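Read-outs throughout are calculated quantities, based only on the coordinates presented, and are distinct from any laboratory measurement. Given the structure is predicted, the values throughout are model-derived calculations rather than measurements. So basically every Cβ, Gly included, is an ideal-geometry build from the backbone, and we count neighbours across all protein chains shown.
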Amino acid sequence: MAILVFVESAEGKIKKTSLEAVAYAHGMGGPVTAIALGTTDAVELEALGKYGAQKVLHVADARLNQGIIQAYASVLSKAMQDEEAADVLVLANSTLGTPVAARVAAKVGASLASNVVELPDTSSGFVVKRSIYTGKAFARVELSNAKKVIGIKKNAAEVKEVGSPVSVTPYSVSLSDADFATKITSSEKATGEVLLPEANIVVSGGRGMKGPEHWSILEDLAHTLHAATGCSKPVSDLGWRPHHEHVGQTGVKVAPQLYIAIGISGAIQHLAGVNSSKCIVVINKDADAPFFKAADYGIVGDAFEVLPKLTAALKAAK
Amino acid sequence: MKILVCITHVPDTTSKINFTDNNTKFDPNGVQFIIGPYDDYALARAIEIKESAGATVTVLNVGLAETEPTIRKALAIGADDAVRVNADPTDSLFVATQIADHAKANKYDLILMGRESIDYNSGVVHGLVGEMLGIPSISPVMKLELEGTKAKLAREIEGGKEYLEVNLPFVAGCQEPIAEWKIPNMRGIMSARTKPLAVVEPKAVDSGVKLQKFELPPAKGAVKMIAADNVAELVTLLKNEAKVI
């Protein structure tokens, strides 16, 4: 089963979730071809071989330095059909990957599944397990078309070194004006931080933090843990923190190894965004906060006292 | 200006999820259904455009008769008319085909929906519809301003946002803060009762996707409480027991 993997990069590095997509494809049995679009670091691309790609295609078209959904879908569907005759396209679910997956599936007539959480079961047919109801349940879904497009959720596969770097093959696709009907005029992006959807550890604050001016103690903790910072919906609604940090049902859904919630009561809508976390720590002044019921570890205490102590203890333990 | 808003009929975000029939059917017992929260943002933005620039707003739902109270709510919020495609919304391609089929015959300037439904969370219907109609699709959209036949949008990206320009028509998967949710007023609720709600039969689709079974996650173990003056113990537990740091 020939597999094509779409890899995304951020700030010159291949995203960890894309490495997971390569690892997922490798786990399926391959052969695995990775494809990157736009200007991408050559060493990073070669290194994809270490994680399971036998071949790496690079479309070095500068127009693709911006993630234009239609253009990306055209490149990937052509790569899937022509050169590579791939049966399956695997990509990481992201704000770009998921919309692109949809258009590719429609173009090539593929069975489509997003939010897939583990390797397919191919003992009888091709069955994937998807996360549904915002992490509250799963569905086992059979994909029966010859071509398949699979979007994977974070942690669907473990990134491991299984091979050695491979050389990069330039690949070009002729694109039409219609592919660029959407023009990206500018973008703003937080730099130098750990990206929330990619993070292994997330430190999140709620209204219990009492105001944006108190975030530095939370950021100190996050910095010590190399964690991304998140927040509850009221906090982003109040403008204390930017919208892209909002974790929850209608915000970012995270799936880190460790989620630390500070001063968040744990409304069910917030829990929906964190229920895929491996371990949850809740720090709250209110012993009756519902979040404790969903936690692995809890501390009843004042964030302003507990946080600096925790940061110090973590530094001491290093 | 003709705007189509596609809405889902989904369990309230606080619902406890259960399944019946040997884990092959959703159990609606004790569950309250709502307009999908993301769809609700799309609808609110459509109504704002209608109020500021003038537009007719049609809502479309793929669902069986039980979704009609949800559709009526969308009419009460300010949509002009509604279409219900009389079918169980089994998968994304099925739903997208019904939407594209309706849109082909009705020539909308703008097709809005939520970035994803909160039941199946696929987040792909806008892209499928865009591809089927041969028009741009953009998601997740946080801001949408119309300027004549052009639109300026903001789309969320990991860790930030990007600004885009696109000509009408296009499909947008919406999310906050594109608009404030609207609550129907009494006049809206009264007028919604008599607004047109057409019921159409679905087009057959072979989507190559078939549900086998639902599953619930394993139950969570009890929380381990740690004294506030003993944070070192938490560090030890995270290191040696949970092995996450």
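Summary of values
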item	result
Translational D in µm²/s for chain A (Stokes-Einstein at 20 °C, 1.002 mPa s, Kirkwood Rh from C-alpha pairs)	103
The stretch A:3-180: equivalent-ellipsoid semi-axes (sqrt of 5 x gyration tensor eigenvalues, Cα, Å)	23, 19, 15
In degrees, nearest ten, helix A:97-108 long axis to first principal axis of chain A (Cα)	30
Whole-Å distance, taken between Cα centres, linking the stretch B:108-148 and the stretch B:48-69	15
Contact order normalised by residue count of the stretch B:121-190, Cα under 8 Å, 6+ apart, percent	31
Charge tally in the Cβ shell below 11 Å around residue B:15, where Lys, Arg are +1 and Asp, Glu are -1, residue B:15 excluded	-1
Degrees between helix A:16-28 axis and first principal axis of chain A (Cα, 0 to 90, nearest 10)	50
For the stretch A:249-318: relative contact order, % (alpha-carbon pairs under 8 angstrom, 6 or more apart)	28
Helix B:68-77 axis, angle to chain B major axis (alpha carbon atoms, nearest 10°)	70
Alpha-carbon centroids, the stretch B:78-103 and the stretch A:69-129: separation in whole Å	23
DSSP-defined antiparallel bridges as percent of all bridges, chain B, nearest 5	40
Estimated 222 nm signal from helices in chain B, with DSSP H stretches of n ≥ 4 weighted -39500 (n - 2.57), rounded to 500	-8000 deg cm²/dmol
Summed residue charge, Cβ within 15 Å of residue A:177's Cβ, Lys/Arg positive, Asp/Glu negative	-1
Calculated FRET value between residue A:13 and residue B:241, using beta carbons and R₀ = 35 Å, to 0.05	0.65
Enclosed volume per residue, in Å³, of the convex hull spanned by Cα atoms of the stretch B:1-132	101
Estimated 222 nm signal from helices in chain A, with DSSP H stretches of n ≥ 4 weighted -39500 (n - 2.57), rounded to 500	-7500 deg cm²/dmol
Segments A:20-26, A:262-268 sorted - mean Cβ within 10 Å per residue, highest first	A:20-26, A:262-268
Mean-position separation - Cα centroids, the stretch B:1-31 and the stretch A:223-262, in angstrom	26
Theoretical FRET efficiency, 1/(1+(r/R0)^6), r = Cβ-Cβ of residue A:190 and residue B:21, R0 56 Å, to 0.05	0.75
Share, in percent, of DSSP beta bridges within the protein assembly as shown that are antiparallel, nearest 5	35
Near-label residues of the stretch A:15-45 by backbone N, under 19 Å of a point 7 Å along Cα→Cβ of residue A:62	A:37-42
Relative contact order computed over chain A (Cα-Cα under 8 Å; 6+ residues apart), in percent	14
Mean projection area, nm², convex hull over Cα of the protein assembly as shown	25.2
Extreme residue, positive dipole direction of the protein assembly as shown, given options B:15, B:226, A:317 (C-beta unit charges)	B:15
Separation of the residue A:316 and residue A:304 label points, Cα + 7 Å toward Cβ, nm	2.3
Cα gyration tensor shape of the stretch A:196-317, rounded if a/c is under 1.5, else prolate or oblate by comparing a/b with b/c	rounded
Chain A - share of DSSP beta bridges that are antiparallel (%, nearest 5)	20
Other protein chain Cβ atoms within 10 Å, averaged over every residue that makes up B:128-136	5
